[in-house]
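Taking it in order: structure first as structure tokens, then the write-up.
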Amino acid sequence: MQTNYKLKYLYFYLTDGCNLNCRHCYINPKFILKDSNIKFLDLEIFKKIIKEAKPLGLIGVKLSGGEPLLHPKIEKIFDIIKKENLKLVLETNATLITKSLAKKIKSINSFVAVSLDGKDTYTYEWIRGVAGSFSRFKKGFNNLISEGIRPQVIITLMRINKDILFDIIKFVKYIKAGSIKINPMQPIMRAESLYKDNQNLSIEELIKIGNYIENFLSKEIDIPIFFHQPIVFRPLSKIFFKEGYNCGTCKILNILGVIPDGSYGLCGISEFVPKLNFGLAQENSIIDIWNENPILKEIRTGLPNKLDGVCKICIFKSLCLGACLAYNYYLTKNLWSGFWYCQEAKKIGLFPLNRTIFKRGL
């Protein structure tokens, strides 16, 4: 039976390897300097998936990893995206961006997001785990700027960089980024060790920082800046105007992930969570997966009313859609559990009561 939902974006996790060894990574790729058993998505499978997905409404692809630029045929992948007139979203650490790759990216309708968690060698390389990586980041980033590409910089917030956050923001402005997105560190995969070492910030700290960024800093600096927290904590003006909630919500009803062995899944987490792995592209048509997979059907019929925990009584559940069902399942083995950030805020009385269906009895 054909679904009414369009498959607008494919999220390709092109490889399970990375040239950096970041302490907080939520995908946990293999570090190429210590593991030679790296997988790359086969180019012919990539072509097959794109061809099958176009009739389902495909308008763009996101390339992630590991580090997607490690793929030995990345330029051919770029060529296919351009030929098919698809929008490209590229998530990269920027350390592998040469001048020629920057030119290739510029020739595509693209949006580039670059990860950066420190303004100096010590902080950056403590987080990234590779000596010399900060200078390679700056060189790759400058190659993008030289082509007129102004990437979004993504900062993952943790204890080591909390007190230098404003300095990082000034550095990001100095290197001419197009926008800034600040992510709280998620308590999954590699970051679980950082949580045990108390490198995470408390919910109180995160909400306070988010309020400052959303209500004050975003009005004082001349570069778009977003704090990626659930939209219930955001000012109404940031939810319903301009880019609104789109910057902080998962488009779960219109996306599908593809991991390096060619398996379809909810996103990259499906590599580690069998329930969220929907079958191999080599053996299954994406049309059948998109229309008939029982988990996708359950999500479509269940959102937002099956959401549990604090999400159940949140007035923004129809926009937020549980923030990230993949994280929810990874942490609780329940697709419908409340998002961890909101649940923690509820426990300590910081979930905004005026944004709940029932203002009493929370």
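The values are calculated or read from the model by the stated rules, or taken from the named source; none is laboratory data. Please read all numbers here as calculations on a predicted model, not as lab measurements. Every residue, glycine as well, gets a Cβ built from its backbone with ideal geometry; the counts of neighbours run over all protein chains shown. Protein only, heavy atoms only, side chains kept; ligands, DNA and RNA dropped before computing areas. Shrake-Rupley method; radii C 1.70, N 1.55, O 1.52, S 1.80 Å.
Between the residues 303, 260, 325, the greatest Cα displacement towards the positive end of the dipole of the chain, with unit charges on the Cβ of Lys, Arg, Asp and Glu, is found for 303.
Once backbone amide H atoms are built at 1.01 Å from N, residue 279 has 264 as its partners under 5 Å, excluding neighbours fewer than 5 places away on the same chain. Take the Cα radius of gyration of the range 1-85 and divide it by 2.2 N^0.38 Å, N being the number of residues; the result is 1.23.
About its Cα centre, how strong a charge dipole does the chain have in debye, to the nearest 20, once Lys and Arg get +1 and Asp and Glu get -1 at the Cβ? Mind showing how you got there, number by number?
Working: 52 positive and 32 negative charges, 162 e Å.
My answer is approximately 780 debye.
So, R0 is 41 Å and r is the distance between the beta-carbons of residue 285 and residue 109; what FRET efficiency does that work out to, to 0.05?
Working: r = 27 Å, r/R0 = 0.66.
In this case the efficiency is close to 0.90.
Would you mind classifying the range 115-273 by shape? Square roots of the alpha carbon gyration tensor eigenvalues, ordered a ≥ b ≥ c; an a/c under 1.5 is rounded, otherwise it is prolate if a/b is larger than b/c and oblate if not. Verdict is rounded for the range 115-273. Would you pull out the residues with amide H under 5 Å of residue 314's amide H, same chain only if 5 or more places away, H placed 1.01 Å from N? Correct list: 357.
Can you work out the accessible area per residue across the range 78-194, with the rest of the protein chains kept in place, probe 1.4 Å, in square angstrom? Each step should come with its number before you reach the end.
Values: 4810 Å² over 117 residues.
Each residue of the range 78-194 exposes 41 Å² on average to a 1.4 Å probe.
Of the DSSP beta bridges with both residues in the chain, give the percent that are antiparallel, rounding to the nearest 5.
Numbers: 7 of 39 bridges.
The antiparallel proportion sits near 20 percent.
Counting every Cα pair in the range 43-91, what percent are over 14 Å apart? Tail of P(r) above 14 Å: 49 percent of Cα pairs.
Mean 1/r over all different Cα pairs, inverted: what Kirkwood radius does the range 82-144 give, in Å?
Values: mean 1/r = 0.0800 Å⁻¹.
Evaluated over the range 82-144, this radius sits at 12.5 Å.
Of all beta bridges DSSP finds with both residues in the range 12-151, what is the antiparallel percent, to the nearest 5?
On the way: 1 of 14 bridges.
Counting DSSP beta bridges with both partners in the range 12-151, the antiparallel share is about 5 percent.
The translational diffusion coefficient of the range 275-320, from Stokes-Einstein at 4 °C and 1.567 mPa s with a Kirkwood hydrodynamic radius over alpha carbon pairs, comes to 105 µm²/s. In plain terms, the chain from residue 332 to residue 197 could stretch by 46.4 nm, reckoned as 0.36 nm per residue minus the Cα-Cα distance. Along the axis of the charge dipole computed for the chain (Cβ charges of +1 for Lys and Arg, -1 for Asp and Glu, origin at the Cα centre), the listed residues 290, 129, 179 are led at the positive end by 179. Taken one residue at a time, the phi angles of the range 75-81 give Karplus couplings (6.51, -1.76, 1.60, θ = phi - 60°) of 5, 5, 5, 4, 4, 5, 4 Hz. Gly and Pro are set to x. The alpha carbon centroids of the range 302-333 and the range 94-172 are separated by 32 Å. Per-residue Karplus couplings for the range 304-317, computed as 6.51 cos²θ - 1.76 cosθ + 1.60 with θ equal to phi - 60°, are listed in order as x, 6, 8, 4, 10, x, 5, 4, 4, 10, 7, 6, 9, 4 Hz, Gly and Pro entered as x.
Legend: P(r) of the range 138-214 from all alpha carbon pair distances, 5 Å bins from 0, whole percents, reading 3, 14, 22, 21, 15, 13, 9, 3, 0.
Only aspartates and glutamates eight or more places from residue 39 in sequence, or on another chain, were considered; those with a Cα closer than 13 Å are 16, 67, 261, 271.
At q = 0.11, 0.17, 0.22 Å⁻¹, what base-10 log of I(q)/I(0) does the Debye formula yield for the range 224-336 when every alpha carbon is treated as an equal point scatterer in vacuo? Values returned for q = 0.11, 0.17, 0.22 Å⁻¹ are -0.40, -0.87, -1.21.
Could you tell me what percent of the accessible area of the chain is made up of carbon and sulfur, with a 1.4 Å probe and every protein chain present?
Details: 8530 of 16390 Å².
Its accessible area is 52 percent carbon and sulfur atoms.
Note that the range 169-175 has calculated 3J(HN,Hα) couplings of 4, 4, 5, 4, 4, 4, 8 Hz, one per residue in order, obtained from phi through the Karplus relation 6.51 cos²θ - 1.76 cosθ + 1.60 (θ = phi - 60°); glycine and proline are x.
Size descriptors for the range 33-190 (Cα atoms only): Rg and Dmax, in that order, 16.5, 49 Å.
Short to long, the 10 Å bins of the Cα pair-distance histogram for the range 280-362 hold 17, 42, 25, 10, 5, 0 percent of all pairs.
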